[in-house]
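Student: Below is a structure I'd like to ask you about.
What follows draws every value from the coordinates through simple rules; no lab data is involved. Here the structure is a predicted model, which means the values were calculated and not measured.
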């Protein structure tokens, strides 16, 4: 026992030695330090682009003003700043001293007092409160003295906010690491909902304090921030900031002031000191520029005579319109909407919704009257604009809900409104606003609407709204509708479930329902529901039991459906070989899966390939084809998906479904003979399910639309949206503040064209997607002494075509699919601006470069390539014969 006591005593003594150095100053001594701040900004991953380097130098006198008699580690320290200077070192090989306004210098060199307790700064007092920006530099200086001799992790408050820090303490030094991701500070700005398209942010912050007899000898704080756009990783900013405080001398100084409390000590001083918060706060953005807004509103309609949504000029103008409308009044916005032409009104609705200030939303509320039938196209535009907003507000949700509760002229508008309400709710929930009373009301409206729906069409709309909403509480309801219903209701419920992540779909309760549908345990389900149940299982972390359930169901499916499911299973297992180890399927069983996929009759298949890749993001395209037994296309699903390490986003998905077409071609319908011929389309854009459309329903409807259709392409989607809308502030350890803004504006025009030749007995379709994209990334550091702006912009424009050719004779019918994109020219520009108000000088550096991404064709599966060659050869022969017949005899 005695030995144990000695050991504990020895450990305690050692710990006392390690932690004995508490930062403090000795009485009657004045310490002089030399302070430097080095700030460096550069374009991320662009070493050849312009950079900026600024330095601040100063001399700091520090001395002990007061000490707690009962606790010597509690002190009041007075700092006096002298010889404050700013240097511009952006030009290589030069270092230029910049002028400082006399009033600013007086504020910077005013005395500061901070309350120090065991190395922790617990209070800050100053005499100059006029300039908040200069006050932040003071906060950054004082934050250098905050080093606690406590190993481990702690929560501290300083100029950056309330952050978690980790200390590593030795006898003569203290090392500190700050976790910037943990910092809590004042909210500011906004972030986009699309995580794949957001911002990557990596930060480090390290510092150390060396001590001699408890007196700080040298303090260094270094931080680094790398922010880049996930959509284009070369677009971003690199910020480094280094502070250093080094003791250069000490001499006899003023004696301590006696006092029992902090207030008593401060009351004895000649200057009047005010308490200052340690945390900094975001500064107000520049106010409304009435002249700029007025000029913009006057010239907007003159510049936009002919609107092409996908043109770069339009996309850039849209981005500028959004930023201008964020400063516009309700009256100005309403005037813009009321006096605009039809196309221009659509454009400004997109811009007003994207701005979504109280003024623009109020203007939209007055302008849009859902009871007016002539405004129907404007209502649809408003609703879809609201669905695609990257960070919707509760006010926007309330505006949509209010319009849906009033009189509506078109039932289709109500359907669209309900579907996109789910998308807005989903985004608000991901933003942490799911418990807001207005969001709760919207969720209840959707759930109650489904419960009260009486016919299948109404049920389908509410199920699609829940598909967009992705509410965890809706899963039991979706399972109930999938299990207890058949036909379109069952398949729509299954489609809504497929939107949830694989880890949720892998819950055994969900898998059990899917197996019940496949095995038809309680009722008979249609073949589409079979297929979608199998696809849902394949979206999970599949097990041997899942494979067995799918295999058993294949025996009762037609050849084409079986072929598609086997192709999907083979595709999943081949792309994720680790699943085989998890499932522990014997190697011999893999041959069975391979054989089934190869030998099973049918043309249905699934295919995917890579479109492009950056350091952060990969985009892929996919194709899912299901044919009828006679070779007609029954269902096609094409998609483009964006991935990064954590998230994924269905950028676009188009599903075209057909039924009963065999009767139109003179063949026999093999299933559901009572179903009339019908072709419909369901599309999702940026993760938002759109309202499905029906091209024709029945033979007479088809004939009517063929005779009334024009040769011009049908416009499916036209508009402009903000893919990314990001504005955040970054309080640096030095007291400087960086504001980072990233916007990605997209202009999109999707059109389709169908040609049917009775003479040639073939059909040709073309889906053309034209897109213009403007990305800009701006970083600003603004103080009363200098202003630095680093801006990068990338813009590109392209066109993508998906063509199909189908021969309507023979069995099976022959079809060729081709996907290609045209040349994509793009340009990058970089601008650096440095402004020094006191000397009235501005330095601007511009650089840029252009390039072209060559167009190319994207391959599908081998069978499609062979079919395309066959049809192409037949077309060439036919063309040659036609030329021979038209030539005159020699």
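Student: Taking the 0 to 90 degree range and rounding to the nearest ten, how far is the long axis of helix 456-469 tilted relative to the main principal axis of the chain, both from C-alpha atoms?
Tutor: Tilt relative to the chain: about 30 degrees.
Student: May I ask for the angle, rounded to the nearest 10°, between helix 527-538 and the longest principal axis of the chain, with both axes built from Cα atoms and the value confined to 0 to 90°?
Tutor: Taking the Cα atoms of the chain, the angle to 527-538 is about 30 degrees.
Student: Relative contact order for the chain using alpha-carbon pairs under 8 Å, separation at least 6, rounded to a whole percent?
Tutor: Rounded, it is 11 percent for the chain.
Student: Counting each DSSP H run of 4 or more residues in the chain as -39500 (n - 2.57), what helix-only mean residue ellipticity at 222 nm follows after dividing by all residues, to the nearest 500 deg cm²/dmol?
Tutor: -11000 deg cm²/dmol
Student: Turning to a different aspect of this structure: Return the whole-Å distance between the Cα centroid of region 101-178 and the Cα centroid of region 427-497.
Tutor: Between the Cα centre of region 101-178 and that of region 427-497, the gap is 52 Å.
Student: Right, next: Can you match log10 I(q)/I(0) by the Debye sum over Cα atoms at q = 0.05, 0.10 Å⁻¹ to one of these, (1) -0.40, -1.17; (2) -0.34, -1.14; (3) -0.31, -1.15, based on a calculation from the structure here?
Tutor: It is the value labelled (1).
Student: Using only Cα atoms, locate the centre of region 761-801 and the centre of region 363-385, then give the distance between them in Å, rounded to an integer.
Tutor: 28
Student: Helix 411-430 sits at what angle to the longest principal axis of the chain, using alpha carbons and giving 0 to 90 degrees rounded to 10?
Tutor: It works out to around 30 degrees.
Student: Right, something else. Return the whole-Å distance between the Cα centroid of region 624-660 and the Cα centroid of region 208-273.
Tutor: When both Cα centres are located, 59 Å separates them.
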